[in-house]
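Chemist: Questions regarding the structure given below will be posed in turn.
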Amino acid sequence: MNFSGLMVQLLGGLASASSLFLVAAGLSLIFGVTRIVNFAHGSLFMLGTYLAYTLVERLSLLWGAAWAFWPGVVLAALAVGVLGALVEWLLLRRIYKAPELFQLLATFALVLVIKDAVLFFWGPEELLGPRAPGLQGSVEVLGRQFPSYDLFLMVVGPLVLGAAWLLLKRTRFGTLVRAATQDREMVSALGVNQTWLFTAVFALGALLAGLGGALQLPREPAHLEMDLHTIGAAFVVVVVGGMGSLPGAYLAALLISLIKAVCVWLGVVDLFGYAINLSKATLVVDFAVMAAVLIWRPWGLLGRPQGRSRPVGEAEAPLRPAGAAYKWIAAALLALLVALPWLADSPYAVVLATDLAVAALFAASLHFIMGPGGLHSFGHAAYFGVGAYGAGVTLAVLGLPMEAALVAGPLAAAIAAAVFGWFAVRLSGVYLAMLTLAFAQIAWAITYQWDDVTGGSNGLTGVWPSDWLGDSRRYYWLALALVTVGVLALRRMLFAPFGYALRAGRDSPLRADAIGIDVDRVQWLAFIIAGLFGGAAGAVYAFSKGSISPESMAVGKSIDGLVMVLLGGIHTLAGPVVGGVSFTWLQDSVARHTDYWRAALGVIMLVLVVVLPDGIVGGLQKLWRRVTPRQKGA
């Protein structure tokens, strides 16, 4: 560790901050105006990198390498901007009146489609792009070499920030964007054409993402994991800086990138006799910063406190107990599931049925806080993973039997939910969702690096059921019993006084508080309950597979849970079970028939979002309500 090394790392951090800001700026603009949490923004960044690679390569054949790079970068950014406008026009415009979370589901479906489209056109290999003409070399900084291109990127960020400031402060378009960020309903009431405004903003945000990806080509090879890596970092920057604040986004990008640079420079440090590798902290430092900022200042560094958004769409109907017909149908389905091992002609059917049951409980536990609780969690995989690892550690490390592990896993998840939920329930909306994501990523990083207990990146193996459950059919029946009890218990609690208090806190927290309901306490208990049953799903999953990996609590697992709940219908009690089973079955079936299963699954999800914006069960309920009166009148 020396001063020259620190300066080089800090300069590299400034270059990374500029690249990150380009993506975050577009994401911030899109969310501020349209209120869409655009999960596909990282995919647009990735697409910009791949398009720049191809355009620079093709233009080099026409004009020569010296003249091809910069036109290729500009054309790639423009192409992504046009694609963004088409996405808004053809898809998102049709679902603006749907609940905001269903718009999120549509953008996640786009992630799947774009990833497989990139795989089809460019293949799975990493593609290393050319160096920028005139910036191939390096300069000497305090006796060390520093890339010239990174110096260029350090200038790009402030230039884009300045151009965006002029656009927003000195043009009529910028005035409309700022007004829509504050109150888009009022902008519409004043006669502004929101259709044109939304398309223009989405195209501008996509263009910035494409520009960021294209400019990243000389620094990083194009690869298929760029989308999720980028969108996570961009969300962090937007939230830490303050939703809708471009200066805040740039400040947050600087803060996070410089902290990462310092961690790399410090390397291994000795703290109280323990050697701590701070370089590994770069996996989670951005999420740790986000958690700290949200706890201290919930609206971000330069953001403004946001009031509650006006509800979109129809009011949610009150929950009603199941009728006799519903109970008979459920009992018949349960009997069929019990008989499945005897009816199935393949052992794989039992394995798949176990996975479907686990998915149903996982989705039901997430729905418990998202639907009736109104608490949007982007990090529910943390409880699934803690439950799985809690059971695995109890068995493999502590040497206790499986029966004890099935109890210890959910309890560990409930404790984690109690800690995370204590802070999360003090926030709302996107800020709450991002804080849960931050906590989940911190838990994932600890699991990924704690080799002595969790096995690190290799995970835990040898997590098998007891001898009396050695037959996969017996374990399936145990899993089915546990899942059934869990789903019924969650449903029963929603019709208890606690469930009514939970929904009251969601629908009108001020009125609920006025009649004596401690809303924060009720929501905190809901977090613990959801964590307990999410951990139970994780524990059952661990013994069904015989091993556990950190992927069980990664971001992708949390996104899967969101998709399950939204696909089935967030405003229905049967929705999460149907969504969990449908999503897992579709994922398995499509993946076994095509290499491009993500695109096929994404197209199916897009069709369902457009045709059934209330989810599968919600759409079927609406259809039933339309048909029933006609039958009565017949």
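The values are calculated or read from the model by the stated rules, or taken from the named source; none is laboratory data. As the structure is a computational prediction, the values presented were derived from the model and not from experiment. A quick note on method: Cβ atoms are made from the backbone with ideal geometry, for glycine too, and the neighbour counts reach across all protein chains shown. Heads up: the accessible areas ignore ligands, DNA and RNA and are worked out on the full protein's heavy atoms, side chains in. Shrake-Rupley method; radii C 1.70, N 1.55, O 1.52, S 1.80 Å.
Chemist: Normalised by the number of residues in the range 391-538, what is the relative contact order in percent for Cα pairs under 8 Å and 6+ residues apart?
Modeler: With pairs under 8 Å counted, the relative contact order is 38 percent.
Chemist: A further question follows. I need to check one value: relative contact order of the range 548-634, counting alpha carbon pairs closer than 8 Å and at least 6 residues apart, in percent.
Modeler: It comes to 27 percent, rounded to a whole number.
Chemist: Moving on to the next point. With every protein chain left in place, what is the accessible area of Ile329 in Å² (1.4 Å probe, nearest 10)?
Modeler: About 110 Å², rounded to the nearest 10.
Chemist: Need one word for the range 145-284: rounded, prolate or oblate. Basis is the Cα gyration tensor (sqrt eigenvalues a ≥ b ≥ c); a/c below 1.5 gives rounded, then a/b vs b/c decides.
Modeler: prolate
Chemist: Something else: Show which lysines lie in cross-link reach of Lys115 when reach means a straight Cα distance below 19 angstrom and same-chain residues fewer than eight apart are skipped.
Modeler: Lys557
Chemist: Averaged per residue, what accessible surface does the range 2-78 expose to a 1.4 Å probe, in Å²? List each step's numbers first, then the result.
Modeler: Numbers: 2500 Å² over 77 residues.
Computed with neighbouring chains in place, this is 32 Å² per residue.
Chemist: With each label point set 7 Å from Cα along the Cα-Cβ vector, what nm distance links Leu61 and Asp520?
Modeler: Roughly 6.4 nm, to one decimal.
Chemist: Here's a follow-up. Once both axes come from the Cα atoms, what is the angle between helix 172-189 and the longest principal axis of the chain, in degrees from 0 to 90, rounded to 10?
Modeler: Value to nearest ten degrees: 20.
Chemist: Continuing with the same structure: Picking from Val519, Val187, Val350, whose Cα lies most toward the positive end of the charge dipole for the chain (charges on Cβ: Lys, Arg +1; Asp, Glu -1)?
Modeler: Looking along the dipole axis, the top candidate is Val187.
Chemist: Counting only protein heavy atoms, what percent of the accessible surface of the chain is carbon or sulfur at a 1.4 Å probe? Intermediate values should be presented prior to the final figure.
Modeler: On the way: 18830 of 28410 Å².
It is 66 percent, rounded to a whole number.
Chemist: Of Leu271, Thr628, Leu427, which is farthest on the positive side of the dipole of the chain, counting Cα position, with +1 on Lys and Arg Cβ, -1 on Asp and Glu Cβ, and the Cα centre as origin?
Modeler: Farthest towards the positive pole: Thr628.
Chemist: Also: In the range 89-125, which residues have a backbone nitrogen under 11 Å from the label point lying 7 Å from Leu623's Cα in the Cα-to-Cβ direction?
Modeler: none
Chemist: Points 7 angstrom from Cα along the Cβ direction at Gln182 and Asn458: gap in nanometres?
Modeler: 5.9
Chemist: Moving to a separate point now. Hey, can you grab everything whose amide H is under 5 Å from the amide H of Ser138? Only 5+ residues off in sequence or another chain; H modelled, so Pro and N-termini drop out.
Modeler: Ser148
Chemist: Given +1 on the Cβ of Lys and Arg, -1 on the Cβ of Asp and Glu, and no further charges, what dipole in debye does the chain carry about its Cα centre, rounded to the nearest 20?
Modeler: The calculation lands at about 2120 debye.
Chemist: Local charge sum around Leu586 (other residues, Cβ-Cβ under 12 Å, Lys/Arg +1, Asp/Glu -1)?
Modeler: Its environment carries a net charge of 0.
Chemist: Describe numerically, in nm with one decimal, the distance between label points set 7 Å from Cα along Cα→Cβ at Asn277 and at Ala163.
Modeler: In this crude label model, Asn277 to Ala163 measures out at 4.0 nm.
Chemist: Excluding residues fewer than 8 places away in the same chain, name every one of the lysines whose C-alpha is closer than 22 Å to that of Lys260.
Modeler: Answer for Lys260, where 22 Å is the Cα cut-off: Lys280, listed by chain and number.
Chemist: So who's got an amide H within less than 5 Å of the one on Ser547, skipping anything under 5 residues away but keeping other chains? H placed 1.01 Å off N, in plane.
Modeler: Val463
Chemist: May I pose another question? Nothing charged except the Cβ atoms of Lys and Arg (+1) and of Asp and Glu (-1): what's the magnitude of the dipole of the range 422-561 about its Cα centre? Round to the nearest 20 debye. Mind dumping the intermediate values first?
Modeler: Details: 11 positive and 10 negative charges, 104 e Å.
Using Cβ point charges on Lys, Arg, Asp and Glu, the range 422-561 gives about 500 debye.
Chemist: Let me ask something else. About the Cα centre of the range 569-634, what is the dipole size in debye to 20, counting +1 per Lys and Arg Cβ and -1 per Asp and Glu Cβ, all else neutral?
Modeler: 440
Chemist: Among Ala408, Gly374, Leu6, which residue has its Cα positioned farthest towards the positive end of the charge dipole of the chain, with +1 placed on the Cβ of Lys and Arg, -1 on the Cβ of Asp and Glu, and the dipole taken about the Cα centre?
Modeler: Gly374
Chemist: I would also like to ask the following. Karplus couplings for the range 155-164 from phi (6.51 cos²θ - 1.76 cosθ + 1.60, θ = phi - 60°), rounded to Hz, Gly and Pro as x?
Modeler: 3J(HN,Hα) across the range 155-164, in whole Hz: 7, 4, x, x, 5, 5, 4, x, 5, 5.
Chemist: Still on this structure, I have one more. Using modelled backbone amide H atoms (1.01 Å from N, in-plane), which distant-in-sequence or interchain residues come within less than 5 Å of Leu301's amide H?
Modeler: So Leu301 has HN proximity to Gly241, Gly242.
Chemist: Explain nothing, just compute: Karplus ³J(HN,Hα) = 6.51 cos²θ - 1.76 cosθ + 1.60, θ = phi - 60°, for every residue of the range 29-44 in order, whole Hz, x for Gly and Pro.
Modeler: 5, 4, 5, x, 8, 8, 6, 9, 7, 7, 5, 7, 5, x, 5, 5
Chemist: Within the range 473-491, what residues put their amide N at less than 16 Å from the label point 7 Å along the Cα-to-Cβ vector of Glu403?
Modeler: Zone members listed by number: 475, 478-479, 482.
Chemist: Which value in deg cm²/dmol, rounded to the nearest 500, describes the helix-derived mean residue ellipticity at 222 nm for the chain, given -39,500 (n - 2.57) per DSSP H run of n ≥ 4 and division by the residue count?
Modeler: Values: 24 runs with 457 residues, N = 634.
Estimated from H runs of four or more residues: -24500 deg cm²/dmol.
Chemist: Using θ = phi - 60° and the Karplus form 6.51 cos²θ - 1.76 cosθ + 1.60, what ³J(HN,Hα) does each residue of the range 334-339 get, whole Hz, x for Gly and Pro?
Modeler: 5, 4, 5, 5, 5, 7
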